[in-house]
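The values are calculated or read from the model by the stated rules, or taken from the named source; none is laboratory data. Just so it is clear, the structure is predicted and the values come from calculations on it, not from any experiment. Glycine also receives a Cβ, built like all others from the backbone with ideal geometry; neighbour counts cover every protein chain displayed. Just so you know, the surface numbers come from the protein's heavy atoms only, side chains and all, with ligands and any DNA or RNA stripped out. Shrake-Rupley method; radii C 1.70, N 1.55, O 1.52, S 1.80 Å.
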Amino acid sequence: MKSPVSLAYGRPYLAIPGPSVMPDRVLRAMHRASPNIYGGEIYDVVAGIWPRLKAVAGTQQNCAIYIGNGHGAWEAANANLFSRGDKALVLAVGRFGIGWAESARAMGVDVEVMDFGTSSPVDMARVEAALRADSGHKIKALLATQVDTSSSIKTNIAALRAVLDTVGHPALLAVDCIASLGCDEYRMDDWGVDVTVAASQKGLMTPPGLGFVWFSEKARDRCRGSDLRTPYWDWELRANGTEFWQYFNGTAPTHHLYGLSEALMMIEEEGLENIWARHRALAGAVWAAFDVWASGSPTIAMNVADPANRGCSVTAARIGGQDATRLREWCEKEAGVTLGIGLGMALPNDPAWHGFLRVAHMGHVNAHMTLGVLAVMETGMQTLKIAHGEGGILAATRAISSR
């Protein structure tokens, strides 16, 4: 349904789970002439990036930067972690867990996937049983996703480490934080994580194009002989090079580095604890609105029933029938708000695909932005006559005011 006059004119808002909103400070930092890559300012910029990148991941160990997206960061981790024929146990709670498994398998890794579906968290008892069954310790690494962007399920990473320790299994713990870093609490060293994977375009508020791999000294030592490693993906010189070009295996991604530097300074200024609290509050507002909307329709529901198992960067939800697609199209065309598609809940050629969507609340996002998205969604449901409980916006404002 199209209104006589579109209200979409003005600054659009991209409420998809990455690329996230790019701060003006980051964009201004990137808007400059190319620097000298053989000395001078860019060297100082990169020197300032390393400690801040380690701080945001909660580690004092090693960090490597790659020119690539999250899929590239997966490949970087795989190339350094494994030799051909090594075994990985992948814990999948959505499309991106499956994606990491597919990436590793395509590189020659023997991958076992423990699939928990798209609405349920990791069952720690099943993981413990699988590790105990691996008496020969063939599993070299356990791969998990802290928050799967498709399902919005959050995995308890500290609990995974506790399971490994309880069993006494030597497998390395590798975690995909692409959708969670800089949004949800994450403490690599405190939680005993060996490898962390992330990318620039979500909580780190920088345009797509940079992938990151943080790795422990244990992982560094254990994986020195990995035969999947190639000169480009090798994390050793990227993290511990003696010449500037070695950090990037060639020409540095200069303008992304300027943007990343500014984004990391913004994170430092706000403080990680405050950032995590902000994301919890904004996520709570979204969840409160959905609870009320769902009270008036059996077809509306959040994908993850228990709030303890939800990531604070994105909310996956069901609207039902064709209504999620109808609502997304109305929000974008009539109000300038772009919501995320329901990735991984059904195949695009399945009519059920049109019943799912995602609302992002990650990175450079504040109360008026999130409340604005919810108000647009509620307006769209009213306009399109999609059945829903009344008062979702009031519930969202109360969630924020009572935090």
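Worth pointing out:
- Count - residues of the stretch 99-119 that are open to solvent by 20 Å² or more (accessible area, probe 1.4 Å), out of contact with any helix residue (DSSP H, G or I) (no Cβ under 8 Å at 6 or more places or on another chain) and aliphatic (A, V, I, L, M): 1
- First in the stretch 203-232 and open to solvent by less than 10 Å² (accessible area, probe 1.4 Å), second anywhere and part of a loop (DSSP other than H, G, I, E, B) and among the β-branched types (Val, Ile, Thr), Cβ under 6 Å, 6 or more apart: 214/59
- For the stretch 315-329, filtered to residues that are assigned to a strand (DSSP E or B) and among the small types (Gly, Ala, Ser), the residue that is surrounded by the most Cβ atoms within 10 Å (Cβ to Cβ) is 316.
- Checklist (1) small (Gly, Ala, Ser); (2) in a helix (DSSP H, G or I); (3) free of Cβ contacts under 8 Å to residues at least 60 places away in the same chain applied to residue 33, failing item: (2)
- Selection of first residues in the stretch 115-129 that are closer than 14 Å to residue 143 by Cα and of second residues that are open to solvent by 60 Å² or more (accessible area, probe 1.4 Å) and acidic (Asp, Glu), restricted to Cβ pairs under 8 Å at least 6 apart or on distinct chains, gives the following pairs, ordered by first then second residue: 116/123.
- Long-range neighbours under 7 Å by Cβ, at least six apart or interchain, first residue over 17 Å from residue 357 (Cβ atoms) within the stretch 10-22, second of a type in the set (A, V, I, L, M) and part of a strand (DSSP E or B): 21/14
- Within the stretch 257-305, the set of residues being open to solvent by 50 Å² or more (accessible area, probe 1.4 Å) and over 16 Å from residue 56 (Cα atoms) comprises 280, 291, 295, 298, 299, 305.
- Qualifying residue in the stretch 163-181 (condition: of a type in the set (Ser, Thr, Tyr) and part of a loop (DSSP other than H, G, I, E, B)): yes
- When residue 363 is tested against (1) over 30 Å from residue 51 (Cα atoms); (2) outside any helix (DSSP H, G or I); (3) touching a residue at least 12 places away in the same chain (Cβ under 8 Å), exactly one condition is not met: (1).
For (1) under 30 Å from residue 328 (Cβ atoms); (2) open to solvent by 10 Å² or more (accessible area, probe 1.4 Å); (3) outside any loop (DSSP other than H, G, I, E, B), each residue gets a yes or a no:
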| site | (1), (2), (3) |
| --- | --- |
| 27 | yes, yes, yes |
| 37 | no, yes, no |
| 45 | no, yes, yes |
| 53 | no, no, yes |
| 63 | no, no, yes |
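- The lone exception for residue 131 - which of (1) over 27 Å from residue 69 (Cβ atoms); (2) surrounded by fewer than 20 Cβ atoms within 10 Å (Cβ to Cβ) it fails: (2)
- Given (1) over 24 Å from the mean Cα position of the chain (by Cα); (2) outside any loop (DSSP other than H, G, I, E, B), index of the condition residue 98 fails: (1)
- Every listed requirement among (1) assigned to a helix (DSSP H, G or I); (2) within 24 Å of the chain's Cα centre (by Cα); (3) polar (S, T, N, Q) is met by residue 383 save one, (2).
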